[in-house]
Amino acid sequence: MHTTKGKILLALLVTSMIAVAFSIHPSYSAPAPTIYLDPSSIVDLTKTPGVLFNVTVWLNEGTDVGSFQINLFCDPGVLNITRAWIPSWDNEYIFKGKFVFTPPPAFRPGEVQIGDLIVSGTTATFTTPKKLAIIEFEVMGTGRTTLLINNAGTYIQNSNLEEIPVIKADGYFDNRPPSKTATVYLDPLKKTDPTLTPSSTFTWDVKILDADKLVSFQFKLSYDQSILNVNNAVLTSFFPGTPTVSIDNVLGLLTFSASSPPSSVSGNGILATVTFHVVGLGRSTLNLTDVSLTDEFGSPQDYWPIPQPSGTFNNVLMASLFVDPPEVIDPTLLPGSLVSINITIDDVEGMYGYAFKL
């Protein structure tokens, strides 16, 4: 952000036209007045490059207001500040009918300074909102930006040119289309292989579908440390960023995060490849949790709920027979109602027959 180099209300002009008396700052026990933008939040997909729109700057109330300055910043890649003016003809203007000095607005890329000063007559005191300035923007690109007025270059002053405490409420612009809902999952969902005996290694991929301008992500992956340990976890060419990896084979937890690829990533691909070391025999569930996806605008990307467990490993061929769902709780199932369940078998090979009692 560019820091204002000085107030546009020039001291030489002020001292030549006004006798400034030194006094103690007044005491403000009531809530401070507020400078705000209208509209304050602009979220509109129709605001495409080339579209012009205005934002009005207001002060909700004031006592003994003799001058003001608005210093607004925005992202010049998203918005260009094309014009700014004082609505002196408007009956709602703060200094309507006053004798004022109005310096021309000052522009820099993504910044404008505009203000006004009473040089003769009474200052402004009011209890209903008054307009300060109108600023015109041209949309330059797709994105979001704060319309920042909460800075030292935005202020109001009293008749003694002392700053009056004021709240400065920033605005917001966003013309981005809604992001897709991603799917984050383990591939394969299940790995059953009796040849993966202790001391063997194998890999498992954490994948994503419908990544949308992704610039960072994180996840945790838990596993049974008596069956599996993690050797390492790496990024792939889909997301060539900078990873941070934490492996805790005592707890059975991998924490993985990555950020800062050369450009944002969209589409389908492998987020990370995890290398496991087999340390025991049996079955281990894998749970993918605490997933976070962030797009190039710093906003979170939604993702579909991840099933738990997210994956299973088994290096012992021991068939399991179970009821699916394991329980049925439904107060609408009254006497006479019908209900269905599945009897499911897993981890079986070469089956030629079965029997069970329920």
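List of remarks:
- For the range 68-126, the strands (runs of 3 or more DSSP E) that sit wholly inside it and include 2 or more residues that are touching a residue at least 60 places away in the same chain (Cβ under 8 Å) and out of contact with any helix residue (DSSP H, G or I) (no Cβ under 7 Å at 6 or more places or on another chain) are 79-85, 106-108, 111-120, 124-126.
- Meets criteria (surrounded by 15 or more Cβ atoms within 10 Å (Cβ to Cβ), over 20 Å from Gly280 (Cα atoms) and either hydroxyl-bearing (Ser, Thr, Tyr) or out of contact with any strand residue (DSSP E or B) (no Cβ under 9 Å at 6 or more places or on another chain) (or both)) for Tyr185: yes
- Filter pass, Asn151 being part of a loop (DSSP other than H, G, I, E, B) and touching a strand residue (DSSP E or B) at 6+ places or on another chain (Cβ under 8 Å): yes
- Residue among Ile208, Ile149, Ile167 that is surrounded by 15 or more Cβ atoms within 10 Å (Cβ to Cβ), under 30 Å from Gly121 (Cα atoms) and either without any contact (Cβ under 8 Å) to a residue 40 or more places away in the chain or under 27 Å from the mean Cα position of the chain (by Cα) (or both): Ile149
- The condition of being under 27 Å from the mean Cα position of the chain (by Cα), among the aromatic types (Phe, Trp, Tyr) and in the same structural domain as Pro104 (by TED's automatic domain parsing) holds for only one of Phe217, Phe137, that being Phe137.
- Output for the range 175-219, where each listed residue is in a loop (DSSP other than H, G, I, E, B), among the β-branched types (Val, Ile, Thr) and within 20 Å of Ile306 (Cα to Cα): Thr181
- In the range 131-151, the residues that are under 18 Å from Tyr36 (Cβ atoms) and among the aliphatic types (A, V, I, L, M): Leu132, Ala133, Ile134, Ile135, Leu147, Leu148, Ile149
- One residue stands out among those in the range 69-90 that are surrounded by 18 or more Cβ atoms within 10 Å (Cβ to Cβ) and β-branched (Val, Ile, Thr): the one that is nearest to Ile164 (Cα to Cα), which is Ile70.
- Meets criteria (in contact with a Leu (Cβ under 6 Å, 6 or more places away or on another chain) and either among the charged types (D, E, K, R) or surrounded by fewer than 20 Cβ atoms within 10 Å (Cβ to Cβ) (or both)) for Thr203: no
- Looking only at the range 274-297, and only at residues there that are among the β-branched types (Val, Ile, Thr) and crowded, with 16+ Cβ neighbours inside 10 Å, the one that is modelled with the lowest pLDDT: Thr294
- Entry remark, the range 238-282: residues being part of a strand (DSSP E or B) and free of Cβ contacts under 8 Å to residues at least 60 places away in the same chain number 17 in total.
- Hits in the range 127-139 (condition: outside any strand (DSSP E or B) and surrounded by fewer than 17 Cβ atoms within 10 Å (Cβ to Cβ)): Thr127, Thr128
The values are calculated or read from the model by the stated rules, or taken from the named source; none is laboratory data. All of these numbers come straight from a predicted model, not from anything done at the bench. Heads up, the Cβs are rebuilt from the backbone with ideal geometry, glycines too, and the neighbour counts pull from every protein chain shown.
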